[in-house]
Amino acid sequence: MASPAPTIGAGSSRLRRMGLATGTGTLVAWVVALLAFGIVWQTAELYASWAQEYPKTWMVPAARWVSAFMKWLVNEASFGLFTFTDLTRFLAALVDTPYTAARSLLSSGLLSGRGSSATQVLPPLSWIAVVGVVSLLGLYAGGVKLALLAGGCFLLLAVFGQWDSAMVTLASILVAVPIGVMGGLLIGIAAYRWPRFEEAITPLLDLMQTIPVFAYLVPILVLFGFGPTAAVIATLIYAMPPMVRITTLSLRGVAQEIIDLGRMIGCTRRQMTWRVLVPSARESLMVGVNQVIMLSLNMVIIASMIGAGGLGFDVLAALRRLQIGAGLEAGLAIVALAVALDRLSQGFARKLSQRSPASEQRGLVARHPFTLAALVLILATGLVGLAVPAVQAYPPALEISTGTFWEEGVKWININFFDTLEALKNAVLLNMLVPFKRFLGELPWLGVVGLLAFLGWRLGGWRLAMLAGVLSALIAATGQWEKAMITVYLCGVSAVAAALIGIPIGIAAAERDRLWRWVQVVSDTLQTLPSFVYLMPAVMLFRVGDFTAMIAVVAYSLVPAVRYTALGLQKVDAGLIEAGRAMGCTRWQLLTKIKLKLALPEILLGINQTIMFALSMLVITALVGTRDLGQEVYIALTKADTGRGIVAGLAVAFIAIIADRLISAGAMRAKRRMGLV
Amino acid sequence: MSLPQPKLICRNVWKLFGSGAQEFMASHPAPTLEELSAAGLVGAVRDVNLDVRAGEIFVIMGLSGSGKSTLVRCLSRLIEPTSGEILFNGENLLAASEARMIEIRRHQMGMVFQNFALLPHMTVVANVAFPLEVQGIDRTSREARARQMIELVGLSGKEDFFPRQLSGGQQQRVGIARSLAVEPELWFLDEPFSALDPLIRREMQDEFIRLQSVLKKTIVFITHDFDEAIRLADRIAIMKDGAVVQSGTPDELVLSPATDYVAEFTRNVSKAKVVKVASLMKPAGAGLNGIAINAKATVAEAAPLFAEGNDVLRVQDDAGKTAGALYRSDVVDMMMRG
Ligand SMILES: Nc1ncnc2c1ncn2[C@@H]1O[C@H](COP(=O)(O)OP(=O)(O)OP(=O)(O)O)[C@@H](O)[C@H]1O
Ligand SMILES: [Mg+2]
């Protein structure tokens, strides 16, 4: 060979890229770590049971501390001028006033007097008025098609007898969304302006997004009492963080030139924010608004556990009584509401970004045709409604119920396919789920903590090692280890299944435009569906249990795996693909040797998202009787046991954080190895 | 003849990017490029001295990354220089308070941006009126003023369009109109035509020359295009790696480039089209008669006059007084050199 050196160099660098030759050092480290783990595992059972199962005497009574702290907060805490209870009362009033107004308008009518002795002074908006106004909004924001869609969705609510509950739900959404958007915007702007503030809130936001909603339902219940106010506040906590993030991100995305312009023409700070930055970023800000709406709807069911009422309550009640039909109907009503609100908000976003030349000074009627039409409609139906009840409230005689239909359908499936379904379920349970669950359950906690720390060290240095080690040790120390392992098992199995299904779909879709468009439509739709909707069909077919939970989780967490894979593949530099083709790669080689390798970081992030989705879904699957941390939180909620709820909730958050940081570090390393960063 | 007062003076201005720039500058008053890179700093602007005189077009020319944008942002104090002094009408800008800077920028400075920096949610009129809106001027008067400016840049009829409905050239006209709306004394243009294709660029340059002949502003114009610099400039400063390598009139640069770097730019320029008669003339002996040529004409314009067999032309100033003599041999010599 004429020039051996470069050949070896090129070969080994390629090997390194492929992650095969990770170096002898790494190899040795891994062998040692795994050996140590094995030794701990094998010997712990006989000689050191404290390493196998966390000893009861070492437990940290975190739950008790949290409960005591809450008690102190409610009874004694004071900020000098006002007490903590004053603060919560103030917040409650802030939410309560608009909520009462919205509810009067949409559902209860204007009442005089309190409680059951209240009499209606004015009726709520008639159903015709609401459907009409929604259609008008659709017409304004997106033309006839959107008007038909939005109006149609609302009409369905009336026809299927879900009107009253739907309006209660809508009222809480109408309150939560503006507060969430405004609050998120203000916090986001503050974070953009003051980096210190951003540093302070980022970990909080991380925590808020990874911690399951259940965990803070309990303290909210204790602080604000059972009722719609508490539900709206829980919704806000859940829906606001993305708005904060999107706000800072989109403000940061404003072109430097635009900022220079603002300074050059002598804007004050306030003018800069409200006249230059926010309007320039408004398109991406609208994405945040849409997110807040969707997340608020996602919370509907969970919020009903602390008194939201409305559709969520209907679903929950039906689910508890296993009335598939009724639950499905109310569930579909939430979907209809979600679709209508989602499309409307997207319509408004588009409208904002492509306004046509302003129609200057014309008459009042010409300038505000939609507002006027809506007012006329409201007044007219209101007046007519006083005389004709059918105009005011949709006549019950015309309602259609599909409940029995669904129930018959399920019965039919169960009669005809019971054996097949049962066989499938048992096969998966016996061959996959149960063995894996048992395997995880038998692992010594000390070994797992050590292995996680080692992984953290390999992927991201000693800080990541500390994080992974300490957080997992905390899970053990607070007595959550066993339930955490069940959580990991359910989530892990589901995430693997979702990845195995999702990644091939993503690969297929990335190369075929038609298929990609379809996949986008489907995944957009799936993402509009509130997460519990996935639970319904699974329960119908497989009743309660781990398998049902797994199906629901897989269905819910599939979308990110598909999306990130396809996007990652599509982002691969076209020049590289061309180069590969010029070298004579076959399609398969192109895919495996170039595209998948370069898209690996993105795919890893997709898997990361899949895991996050799966974790957030686990809490909902607690409704079908899993025995994981989600269930723990659910029990704490029914008992209003703050400490227990928060500790279990934090354990889920810890699992999420460990998974997130490890995978992100892995993706980062992969990127660096390929010279992408 | 006394030169006009400098409107903007820039003395020993440095801008270093990177952490610890301030401390580094304090300990190294005049760092070399090597010292900077050893300290992990980027010397975007290094020891720049400039005088911009009232009413002139001062062009700053340099390749991408040479520090032009950073320098012009230092001049308007959008970027805080690491050290140095900037005097605007004799006032030290770097000592001005935030409020004073807002005041100066609102009334005395205007800026045109490479990528237009139009606000997408506003119509053309609203964009042009925006600087006035920020000052709190009422709607009718600011829109009247905006309409005047729109007419000035030749965009009448497009007042109610949104930026995305306009072509690049039209968008930059909006940017120009906006920067003129406040009647600035000092007008910064940062590569205003670089994002436009060559034909439109040419057209916009002509438009710019026309505007300046009406407005007579003091202008700092940034470009990376030497031809553009030659066409527009009264004086040019050429930048390389953050430092000014030569500054002077187009004639001076073309006739005596200070470094190879500058010579490289001027090589492909037709000198005759740049150099003014005044730069090539010799002192006139008494009693010189014959065909006259204005001292401000280019050599290329003078050349055809030699065709009638003259060996020497009488050079006169604007008032018609004899200023010198232009010899055929000098002209031929220069044309031969390219
Ligand atoms: N915010 C910044 N942080 C660090 N370095 C910077 C920053 N802004 C500019 N630089 C560096 O300063 C140098 C000069 O940049 P500048 O933008 O002034 O160049 P320019 O001459 O305007 O180039 P162009 O023609 O591409 O606009 C470049 O090396 C650039 O990388
Ligand atoms: Mg620049």
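General observations
- For residue A:83, nonlocal amide neighbours, meaning residues 5 or more places apart or on other chains whose placed amide H falls under 5 Å from its own, do not occur.
- Mean Cβ neighbour count within 10 Å, used as a protection proxy, ranking B:76-87, A:310-321 highest first: A:310-321, B:76-87
- Taking amide H as placed 1.01 Å from N in the peptide plane, residue B:245 has its amide H under 5 Å from the amide H of B:238, B:239, B:240, each at least 5 places away in sequence or on another chain.
- Sites residue A:429 and residue A:28 - FRET efficiency at Förster radius 35 Å, r taken between beta-carbons, to 0.05: 0.30
- Taking Cα atoms only, the orientation of helix B:168-180 departs from the longest principal axis of chain B by about 80 degrees.
- At least 30 Å² of accessible area lost relative to the chain alone, listed for segment A:252-275 with a 1.4 Å probe: A:257, A:258, A:260, A:261, A:263, A:264, A:265, A:266, A:271, A:275
- Alpha carbon centroid spacing (whole Å) that separates segment A:572-632 from segment A:255-332: 27 Å
- Here segment B:273-336 is described by how far its Cα atoms reach on the three principal axes: 29, 23, 18 Å, from widest to narrowest.
- For segment B:131-148, residues shielded by at least 40 square angstrom of accessible area compared with the chain on its own, probe 1.4 Å: B:134
- Between the Cα long axis of helix B:328-337 and the first principal axis of chain B there is an angle of about 50°, rounded to the nearest 10.
- Segments A:163-170, A:381-388, B:143-150 sorted - mean Cβ within 10 Å per residue, highest first: A:163-170, B:143-150, A:381-388
- Solvent exposure ordering (accessible area, 1.4 Å, most first) of A:546, B:51, A:628: B:51, A:546, A:628
- For residue A:483, a cut-off of 16 angstrom between C-alpha atoms picks up these lysines, skipping any fewer than 8 places away in its own chain: A:56, A:437.
- Summed side-chain charge close to residue B:81 - residues other than residue B:81 whose Cβ falls under 10 Å, Lys, Arg +1, Asp, Glu -1: +1
- Along segment A:586-596 the Karplus relation, 6.51 cos²θ - 1.76 cosθ + 1.60 evaluated at θ = phi - 60°, assigns HN-Hα couplings of 6, 4, 5, 5, 3, 5, 7, 8, 10, 5, 4 Hz to successive residues, with x for each Gly and Pro.
- Straight Cα distances below 30 angstrom link residue B:282 to the lysines B:271, B:273, B:296, B:321, with same-chain residues fewer than 8 positions distant left out.
- Surface per residue (accessible, 1.4 Å probe) for chain A, Å²: 49 Å²
- Accessible area per residue, Å², segment B:268-334 with all protein chains present, probe 1.4 Å: 53 Å²
- Expressed as a whole percent, the accessible area of chain A that falls on carbon and sulfur atoms is 67 (1.4 Å probe).
- Gyration tensor (alpha-carbon) shape descriptor, segment A:171-334, a/c threshold 1.5: prolate
- Put simply, the amide H of residue B:293, placed in the peptide plane, has neighbours under 5 Å in B:314, B:315, B:316, leaving out anything fewer than 5 places away on its chain.
- Cross-link reach is defined here as a Cα-Cα straight distance under 20 Å, omitting same-chain residues fewer than 8 places apart; for residue A:595 the aspartates and glutamates meeting it are A:511, A:513, A:573, A:578.
- Solvent-accessible area buried by A and B, counting both chains, probe 1.4 angstrom, square angstrom: 2400 Å²
- Prolate/oblate/rounded call for segment A:391-448, Cα gyration tensor, a/c under 1.5 rounded: oblate
- Restricting segment B:266-322 to trypsin sites (Lys or Arg not before Pro) in coil, as DSSP defines it, with at most 14 other Cβ within 10 Å: B:267, B:296, B:321
- Two-site FRET efficiency, residue B:282 against residue B:258, from Cβ-Cβ distance with R₀ of 25 Å, rounded to 0.05: 0.55
- With a Förster radius of 25 Å applied to the beta-carbon distance between residue A:398 and residue A:148, the computed FRET efficiency rounds to 0.80.
- Largest to smallest in accessible area, the residues A:602, B:185 fall in the order B:185, A:602 (1.4 Å probe, all protein chains included).
- Compactness of the protein assembly as shown was expressed as the Cα radius of gyration divided by 2.2 N^0.38 Å, which yields 1.20.
- Across peptide B:111-119, the average count of Cβ atoms from other chains found within 10 Å of a residue's Cβ is 5.
- Cα-based shape type of chain B, given that a ≥ b ≥ c are square roots of the gyration tensor eigenvalues and the cut on a/c is 1.5: oblate
- By accessible area with a 1.4 Å probe, ligands and nucleic acids excluded, highest first: order of A:432, A:264: A:432, A:264
- Cβ neighbours within 10 Å from other chains - mean over B:203-209: 0
- Averaged over residues, the count of other Cβ atoms within 10 Å places the peptides A:476-486, A:505-515 in the sequence A:476-486, A:505-515, highest first.
- For segment B:125-177, accessible area per residue (1.4 Å probe, heavy atoms of protein chains only), Å²: 39 Å²
The values are calculated or read from the model by the stated rules, or taken from the named source; none is laboratory data. Just so you know, these numbers come straight off a predicted model, no measurement behind them. Backbone-built Cβ (ideal geometry, glycine too); neighbour counts: all protein chains shown. Heads up: the accessible areas ignore ligands, DNA and RNA and are worked out on the full protein's heavy atoms, side chains in. Shrake-Rupley method; radii C 1.70, N 1.55, O 1.52, S 1.80 Å.
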